[in-house]
Amino acid sequence: MAQEQRLELRLSQKLILTPQLQQSIKLLQLPLLELSQDLTQELMSNPLLEEVVEREPEEKVESLNTTSEEESFHEPLDDSESPLEKIFGFTTDSYFEERESDGRDLGYFQESSEDVQTFFERNRKKIDLYEHLLWQLRLSHISSVVGKPAEIIINNLNEDGYLQASLEEIAEFTECDMKTVEEALAFVQKLDPQGVGARSLQECLLLQLTPLKLEGSLVENILLNGFPELEGKKYKQLALKLKASIDEVLAAVKIIEALEPRPGRNYSSDEPVHIIPDVYIEESDGKFIITLNDEGIPRLRLSNYYKKLLANKKTLGPEEKQFLEEKMRSAIWLLKSLDQRNKTIYRVTESILKFQEDFFRKGHKYLKPLNLKDIAEDMGMHESTISRVTSNKYVQCPHGLLSFRFFFSNAVSSEKGDISSSTVKDLIKKIVSEEDSHKPLNDKKIVDMLKDKGITVARRTAAKYREEMKIPSHNKRKKWF
């Protein structure tokens, strides 16, 4: 076949996301904290943006009196008098003596031991598991040959204290033989907290038996030879397998339950995560008021200085003019995107409030089935936009702090019509919380109890809801003592 070159005209449609549109989409899905960080970064990188700082009334009054105060300080001073004595009409010595005599010490002379203690408690850094183990390693009399792989083992522990790397990998990395690595692991497993350095839950529990002097006991026998039955709480099978009475097995299980399955838990350096609501919904005089949370969000505006500079084109060179014009367009688009973000979040919240008004007035039992498509059709937007708005955002309402996704759930049929799957989950949770812990309900009995309430669900649906709420099966919920 002969090859030839030729020109062709083709008409096609393509969706192209411009950088400005990408930024707008990004801002729409950002939660409050990340939005604040992103805007702060934009404020630092774009000179056309500046933050609006509201001045307090007191600051304005002070600024008016600044001139008179400065004049008083700039008056010629006598050598015999200090500035403080000149202005206030008394000597500094008499002032501090008076404060000292009547106990009005504001911290100029000495700090109380309570204040010092509070300062150190506030600024004290919590020691993590790695630092705690490394400190013990450095204080120990161990050879450097074993100490090197021991430090690598410590570095490969997760936050719960379990070893994540294999001994073969550690031996290859440290260029040591397996015997040395095993010796290093045995050393680490003797450190505090007990059970650290284990490679499985079974090994972790076994390591904690030595300090308790339980080697050779029924507890160790259960952990070594009956661990699958122990996990499934099959205590009768465990008693038959180990040829022990059920009472002896239950006593041993009680000891095992007192052991620590996560040795590194007390040394976790994770800080608690505080969720900041993006929207507030409050009820006033029978009406709901929606308020967007702008706390911590910098208020931006275009810089008047640079706007005047751009208006006077004679003072700018071509490169400076091009740079400022690009930054101006970027700043204007950012401000428009922020405004559009706030309007969209407000409208989505308003639409959710319209669909779920019974929930906001009466509580969780009145949550209705709702999906993204319903909100999208109500607002005349695409589902992907609604998904971005409701992702990783929270609303503070009279019923608590809730995720936007909480209001979206599937429909479950009942005698009174379709109800929300979240309502069914709450009922299952309530049924389980009220059950006899010695005779827990299986999924079939839970389904029967839901049916008595007029709610029809399949057994596997109830099991799925239970697993989503991280509720164990009835066998694992059973308490033997």
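The values are calculated or read from the model by the stated rules, or taken from the named source; none is laboratory data. For clarity, every value in this text was computed on a predicted model and none was experimentally measured. So basically every Cβ, Gly included, is an ideal-geometry build from the backbone, and we count neighbours across all protein chains shown.
Determine which member of the set Leu201, Leu191 is of a type in the set (A, V, I, L, M), assigned by TED's automatic domain parsing to the domain that holds Gln136, within 22 Å of Arg262 (Cβ to Cβ) and in contact with a Ser or Thr (Cβ under 9 Å, 6 or more places away or on another chain).
One residue alone meets the criteria, Leu191.
Name the single residue that is modelled with the lowest pLDDT among those in segment 450-476 being crowded, with 16+ Cβ neighbours inside 10 Å and assigned to a helix (DSSP H, G or I).
His474
At pLDDT 85 or above, of a type outside the set (D, E, K, R), surrounded by 13 or more Cβ atoms within 10 Å (Cβ to Cβ) and over 30 Å from Asn293 (Cα atoms): is that true of Val447 in this structure?
Criteria met by Val447.
Report every pair of residues separated by at least 6 positions or lying on different chains whose Cβ atoms are under 7 Å apart, first residue within segment 28-39 and surrounded by 15 or more Cβ atoms within 10 Å (Cβ to Cβ), second of a type in the set (Lys, Arg).
Pairs that qualify, where the first residue is surrounded by 15 or more Cβ atoms within 10 Å (Cβ to Cβ) and the partner is of a type in the set (Lys, Arg), are Leu28/Arg341; Leu28/Arg388; Gln29/Arg388.
Report, by residue number, each residue of segment 262-281 that is surrounded by fewer than 16 Cβ atoms within 10 Å (Cβ to Cβ), farther than 30 Å from Ile297 by Cβ and either of a type in the set (Phe, Trp, Tyr) or over 22 Å from the mean Cα position of the chain (by Cα) (or both).
none
Can you name the residue in segment 344-381 that is under 30 Å from Glu51 (Cα atoms) and either under 26 Å from the mean Cα position of the chain (by Cα) or not basic (Lys, Arg) (or both) and is also surrounded by the most Cβ atoms within 10 Å (Cβ to Cβ) among such residues?
Thr349
What helices (runs of 4 or more DSSP H) completely inside segment 336-418 contain at least 2 residues that are farther than 24 Å from Ile276 by Cα?
Answer list for segment 336-418: 357-362, 372-379.
Residue-by-condition table, conditions (1) of a type in the set (Val, Ile, Thr); (2) farther than 30 Å from Leu49 by Cα; (3) not in a loop (DSSP other than H, G, I, E, B):
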| residue | (1), (2), (3) |
| --- | --- |
| Lys236 | no, yes, yes |
| Leu240 | no, yes, yes |
| Ala252 | no, yes, yes |
| Glu260 | no, yes, no |
| His274 | no, no, no |
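Could you please find all residues in segment 169-203 being part of a loop (DSSP other than H, G, I, E, B) and either among the acidic types (Asp, Glu) or touching a Leu at 6+ places or on another chain (Cβ under 6 Å) (or both)?
Hits for segment 169-203 are Glu175, Asp177, Gln189, Leu191, Asp192, Gly195, Gly197, Arg199.
Just to confirm my filter: which helices (runs of 4 or more DSSP H) fall fully inside segment 3-84 and include at least 2 residues that are modelled with pLDDT of 75 or more?
Because the criterion is at least 2 residues that are modelled with pLDDT of 75 or more, the helices (runs of 4 or more DSSP H) in segment 3-84 that meet it are 19-29, 32-45.
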